[in-house]
Every structure is written in C-alpha cells, then in structure tokens.
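Here the structure is laid out as structure tokens; the discussion comes afterwards.
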Amino acid sequence: MANARGKEIDNTHLSIDQAEARGFIHRDYIAHCLRWTKIAKDLNLGGKYKEADIIDVGCGKDMPLARMLMTNRMAPKSYVGIEYNKMEIPHMFDNTTFQPHLIDNVDFTKTDIMEDSFNVSVCLEVLEHVEPSMAVMILDQISDVVVQGGTCYFSTPCYDEKVGAAKNHVNEMTYRAFGALLEARGFQILDHYGTFASQKDYKHELDGNTKYLYTKLSEYYDTNYLATIFAPLYPSMARNVLWKCINTQSKDFNKRFPPIKEIGGRLGSSEKADDLRYA
C-alpha cells in the first residue's frame, strides 16, 4: 500500500476554482503563484526567456506557467507541456504568437523525447504524486532531455512525520532526503527556497529586524500569507521547497547533502521510500 489511498500514481491537481469556492486563497495556491513568478523572474533576467526551450513536466490543466509567461510578454523560444491527465491547450492561446506544445495523457517516463532538447525544465508539485521508484525515473528522464548545464526547477512538499503526508500524496520526502536524491541523480543545487512554512516551525529563529517585521506584518496578513512571506528564509524548516538546479549529467560536483544512504530515519511517507537508499 503506497499511502492512505493505496495509489502508486495520483492525478489530482490544484485549481484556482477550488480556492475561490472556499472563499479565500489558501497558502498552497499562493505558493504556486510565487513559484511561477520566481521562474519567470529568472527567465526575464537579461532576456533569457528569448532563448529558453522549456519542458514543463506536469504542466497542469490550465498551463499556468505558460499563461504567466504569455501575459507578461515573455514568450520563450519553445515550450512543451507534459501532462499525465487528458487535457487541451487553453483557448487563451488561440491566435497568439506564443503557441505552446502539449503532450497529454502520457506517462512522462515512457515518452519518446530526443535527448538534450531543452535548456530549462520545470517540475512543480509532481514527484509527491508518484512512488519513489517512479520519481527517480522522472528525474533521470529530465536529466536526459535537458542539456548539460541546463537549469532545472523542482518543488515538492517536505515530509514531517509528526504532521504526516497529505491524503492525495503518494510519497512526500523529507527535506534532506530530497536534496540528497537530486544530487544523486546529477542535479547540482544552485539555491533553494521555502515556499510555505508553519509559523511555529520558524518563529523561534526570528530576531532583531525579522522579528519586528513579522510582528508588523502579522497585524495585517493572515497565516496563509505569513506562511509564504517568511518561508524563503528558512528552507530547511519549510513544509515545501523550490529547488533551482543545474543539470550536470554527472555526479562529480560539490554537494550540499550527505549521500542518501547515510541519512538516518525515514526518507519519506511511502513504505517504499527507504528503497531510495539503494537507487
């Protein structure tokens, strides 16, 4: 049994419609928007988007990253969205100069995509929806289709045994385990940022200016916004992290994390997570 739902692959997704139905924007969706904004910000530096060949693994039914790039007039050189579910390209791309390509209703690990076809990859909130062995295959496939030196973005929840995993997640990995897994598959971590964090996890770290800032902002913002505002400062304490990496296509680089086989305790929420020690 993979998780509470007994699935090896989960195909649920986060939608703004769900947030609107609840009457407020939950921190999950705020974090999503800020992830896309961060990637767009990086691509905009020096006009990098003009030469960007992007593959978006698990692009989502609304293709939100592609939509953000289009509405901000940042059409990349090429964009390919990969989606496990069956979907169509949103009509907002009709009659526009930015024409994204979509490969839907597929298992990415079985797609026939030429090696070194992209220089940017995005894989946000995907790997927690599959078993650990499939997560490894997805990472390896990304490494194959992205050129050496290409930029790769990943985000996924950080498993906390005290809190448990979300019911629709097949396997959440711990912060240290996922960092070690990225490095083991040849992704050198350039930087990483918490995307949301519970106040009780980072509040004890606040001091001086950050403590004053937290106190002042908490007078205005609710917990959903505070969770995302301070999270980038404390990635190791965050409930979710965005990782920016370079695809080295090797294992010969300075690493931030110990080998995954040396990490003690549980590596993730799935019963199969410990198999990663031998991957």
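My understanding is that a pair violates if its Cα-Cα distance is over 32 Å; which of 86/200; 251/272; 86/203 do that in this structure?
86/200; 86/203
Among DSSP beta bridges whose residues both lie in the chain, state the antiparallel percentage, nearest 5. Counting only bridges with both partners in the chain, antiparallel ones make up about 45 percent.
Among 74, 237, a tally of other beta-carbon atoms within 10 Å of each Cβ gives an order, fewest to most, of 74, 237. Rounded to the nearest 0.05, what FRET efficiency is calculated for residue 33 and residue 219 with R0 set to 30 Å and r the Cβ-Cβ distance? Step by step, r from the Cβ atoms, then E = 0.85.
All Cα-Cα distances of the range 22-274, cut into 10 Å bins from zero to the largest, leave 7, 29, 36, 22, 6, 0 percent in each bin in turn.
The orientation-averaged projection of the convex hull spanning the C-alpha atoms of the range 44-130 amounts to 6.0 square nanometres. Kindly state, to the nearest 0.05, the FRET efficiency for residue 103 paired with residue 279, given R0 = 22 Å and r defined as their beta-carbon distance. Approximately 0.25, to the nearest 0.05. On the beta carbon distance between residue 44 and residue 207, with R0 = 41 Å, the FRET formula returns roughly 0.75. When Rg and the Kirkwood radius Rh are both evaluated on Cα atoms of the range 112-168, their ratio Rg/Rh stands at 1.06. Here residue 48 is the anchor, and the lysines within straight C-alpha reach of less than 26 Å, apart from those fewer than 8 places off in the same chain, are 38, 61, 77, 244. Taking 7 Å steps out from each Cα toward its Cβ at residue 253 and residue 114 produces label points 2.4 nm apart.
Along the chain, the longest continuous region that contains none of the GluC sites (Glu not before Pro) in a DSSP loop with at most 15 other C-beta atoms within 10 Å is 1-87. Mean-square fluctuations from a GNM of the chain, with a 10 angstrom spring cutoff on Cα atoms, peak among 256, 176, 27 at 256.
Read-outs: derived from the displayed coordinates by stated rules, not from any lab. What you see is a predicted model; the values in this text were computed from it and never measured. Heads up, the Cβs are rebuilt from the backbone with ideal geometry, glycines too, and the neighbour counts pull from every protein chain shown.
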